[in-house]
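Following: one structure in structure tokens, then a few remarks.
The values are calculated or read from the model by the stated rules, or taken from the named source; none is laboratory data. All values derive from a computational prediction rather than experimental measurement. All Cβ positions, glycine included, derive from the backbone under ideal geometry; neighbour counts span all protein chains shown. Side chains are part of the model used for accessible areas, which takes the heavy atoms of the whole protein and leaves out ligands, DNA and RNA. Shrake-Rupley method; radii C 1.70, N 1.55, O 1.52, S 1.80 Å.
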Amino acid sequence: MRNFVYSSSSSRVIFGAGTADQVRAEVERLGCSRVLLLSSPSVAEAAERVAAVLGDLLVEVFDGAAMHTPVEVTERALAVLRSASADALVAIGGGSTTGLAKALALRTDLPQVILPTTYAGSEVTPVLGETRDGRKTTQSSPAILPETVIYDVDLTLDLPPGISVTSGINALAHAVEALYSPGANPVVDAMALDAISRIARALPDLAADPHDTEARGDLSQAAWLAGMCLASVGMGLHHKLCHTLGGTFDLPHARTHTVILPHAMAYNAPAASEVMDRIAEALGVPDAPSGVFDLIASLDGPTSLESLGMAEADLPRAARLAASTPYPNPRELTAEGIEDLLRDAWHGRRPASPRSAAPTQGPGSELDRLTEQVVASFAAAPDPRLKDLLGDLVRHLHHFVTSNDVRESEWQYAIDFLTRTGQICTPTRQEFILLSDTLGISSVVDLLTNSRTPDTTPSAVLGPFYTPGPPETEHGGDISRGLPGTPLWADITITDTADRPVPGAVVDVWQANKDGFYDVQLPEQEGPVLRGRLRTDEQGRLTFWTIVPSEYPIPADGPVGHMLDAVGRHPYRAPHVHFMISGDGYRRLTTQLFVKGGSYLDSDSVFGVKDALIVDFTPMSGPTPDGRSVEGPWHILTYTFRIAAGAR
């Protein structure tokens, strides 16, 4: 049976979207009428919104909150408070602004209403950390606990992804340390594990879409739960180290928490193995310390003290300071052990994981037997080609997973990525084609196919914007239907590989407008435009009017765009016109013609450019080939496509 003590002293919590509008009512509920608003320059816009809601209750603003709550900043704010005769404190911002409100409340016993814009969680704790003369100390008092906390998810939507990550890991640290605190109890355990699972789920979603309100809501709720844990039980090694590093060495608060957490967990893991197993389960990973490190690394969070500006020479001093006063912790604290921990954190080393004892690769290994077992399951496939393709796919996938030591969280992220890719697909938005294109797979398949008919015009990727059954267009017709752009006259000939004309060939043409959008991307566009279907005459020839194509970005607001952002790639395609050519007794040719001298020819986002397809779109002026009246310059495209005999 587990013995425990549980005490609760919670703030009034208002949670949701748009809840900042209730701040005036909360101040009045507390019987107050003269508000000092605390903020910082980073939340100036949100502070203006809160000020507008407060109206005539607002008597003064102090926007100088600083990290680690220096006492000199508190004294300046206290002078402003007294000069204004304020009777209530309203704070909007992250942990620094909340800390300032607490410091003022401790000195004046004024009520506080806190509107968090990060995931610090300190807004629901009676704990204050202050820095004086380069040393950060903490104290707890009922006077420190805010009376009301208003969580408005809308206030977090502008929080940059990087700060969201470090703030979220800061909240994660509260939950993790609560689980192995001597004061842990079933209520705290439930809140901590819920917070951990929400953070592990929400941070990757937020990295994929910073405006995901559900993810933002999960993180805000996790911050509240983790803060309640912090308020209920004592913290251990992790928080002691972060206070030491922040207060003495002036390291950034949330980023320091992010770097230190996996290493503090690894230090305590031998003495808290059961707790680490529960954390790992909540995270969805095999090992808790390395799983937290991997989560941070996957989100581009900081993983080393060196990157935060910590000098390696200061590590021994930091270890001595952290070990100088006793505090509860699962594992005995020694200066030598803490220094080793800090050195690993300074270098950004991944904590050792029991995964290193996983089955080895190679013939006869457990992993090899598993792979062969899966391949053997396809043996009864009636289609030999299908059996071979699936077997080879499994071998390549298993090799990829084992050779890269893919973690469960990474694979789950991959599954979620593919799920989001499928969910965004519509009849006019083919995200999977974009994924295939941007990974170069479409071009590889295209190259393999085209290399078998070397005497034909090179093929190119289909792309995601082809639609079957484009409108029939007469020779000399204008597929642009009057859309703005520089007019382009296309004079196209289709021949076989012996240069004989191919009459009756069906040629589908499509392209983007001058702004880089296809018709299917323009909801206001009625009917197809900049696409048409023409048929060659007896000389294998066809002509049509269109406009000169422009470079354009592929759709970058979905999973594929997020992938490109993550690796620093641009989404642009070189300017081109698409052609799909079919004829009875001929192989279908799908290709593109690129504007010579156009942008992004050497960095096309889908790797679709081939030298033989870069052609002149020659500038012209004066009379046109068909006598059409054109004001200003126009261009001409003259090109002969060669297609091969064979099945379509």
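For GluC sites (Glu not before Pro), the sites in the range 459-538 that DSSP calls loop and that have at most 15 other Cβ atoms within 10 Å are E474, E524, E526, E538. In the distance distribution for the range 44-184, Cα-Cα pairs more than 28 Å apart total 17 percent.
For K610, a cut-off of 13 angstrom between C-alpha atoms picks up these aspartates and glutamates, skipping any fewer than 8 places away in its own chain: D446, D602. Convex hull volume of the C-alpha atoms in the range 446-535, normalised per residue: 126 Å³. Note on surface exposure: F641, F378 rank F378, F641 by accessible area, highest first, 1.4 Å probe.
Put the Cα centre of the range 397-448 next to the Cα centre of the range 539-559 and the gap is 26 Å.
About the Cα centre of the chain, what is the dipole size in debye to 20, counting +1 per Lys and Arg Cβ and -1 per Asp and Glu Cβ, all else neutral? I would put it at about 620 debye. Taking θ as phi - 60° and the Karplus parameters 6.51, -1.76 and 1.60, the scalar couplings of the range 311-319 work out to 7, 4, 5, 8, 4, x, 5, 4, 5 Hz in sequence order, x denoting glycine and proline. Taking 19 Å as the straight-line reach from the Cα of K514, the lysines in range (excluding those fewer than 8 positions away in the same chain) are K596.
Across the range 499-629, the relative contact order, built from alpha-carbon pairs under 8 Å that are at least six residues apart, equals 23 percent. Two numbers describe the Cα atoms of the range 228-374: Rg and Dmax, which are 17.3, 57 Å. Taking 0.36 nm per residue of separation and subtracting the Cα-Cα distance, what length does fully extending D537 through S324 add? Computed gain between D537 and S324 is 67.5 nm. For the chain, the relative contact order is 9 percent, taking Cα pairs closer than 8 Å that sit 6 or more residues apart in sequence and dividing their mean separation by the residue count. A simple packing score, the average count of other Cβ atoms within 10 Å per residue, orders the peptides 489-497, 436-444, 254-262 as 254-262, 489-497, 436-444, with the highest score first. A cut-off of 5 Å between modelled amide H atoms, ignoring neighbours fewer than 5 places along the same chain, links D478 with W545. Axis of helix 408-424 versus longest Cα principal axis of the chain: the two differ by about 50°, to the nearest ten degrees. Atom-type composition of the exposed protein surface of the chain places 53 percent of the accessible area on carbon and sulfur (1.4 angstrom probe). Note that the chain presents 44 Å² accessible area per residue, ligands and nucleic acids not counted, probe 1.4 Å. With the gyration tensor restricted to C-alpha atoms of the range 138-227, the semi-axes of the equivalent ellipsoid amount to 24, 16, 11 Å, longest first.
The listed residues F62, F400, once ranked by accessible area (1.4 Å probe) with the largest placed first, stand as F400, F62.
Each principal axis of the range 45-90 carries a Cα extent, and these read 30, 24, 11 Å when sorted largest first.
If R0 is taken as 45 Å, the Cβ-Cβ distance between R385 and A190 corresponds to a FRET efficiency of 0.25. Given their separation in residues at 0.36 nm each and the Cα-Cα distance between them, E274 and I415 gain 47.9 nm when the chain is fully extended.
With the simple spin-label model, which puts each label point 7 Å out from Cα in the Cβ direction, the S10 to T428 separation comes to 4.8 nm.
Measuring between their Cα centroids, the range 275-322 and the range 507-529 lie 50 Å from each other. Using the rule -39500 (n - 2.57) for each DSSP H run of four or more residues, divided by the residues of the chain, the 222 nm mean residue ellipticity is -12500 deg cm²/dmol. Over the C-alpha atoms of the chain, the Rg to Rh ratio, Rh being the Kirkwood estimate, stands at 1.10. Within straight cross-link reach of K240, meaning Cα distance under 28 Å, which lysines are found once same-chain residues fewer than 8 apart are removed? K240 reaches K102, K136.
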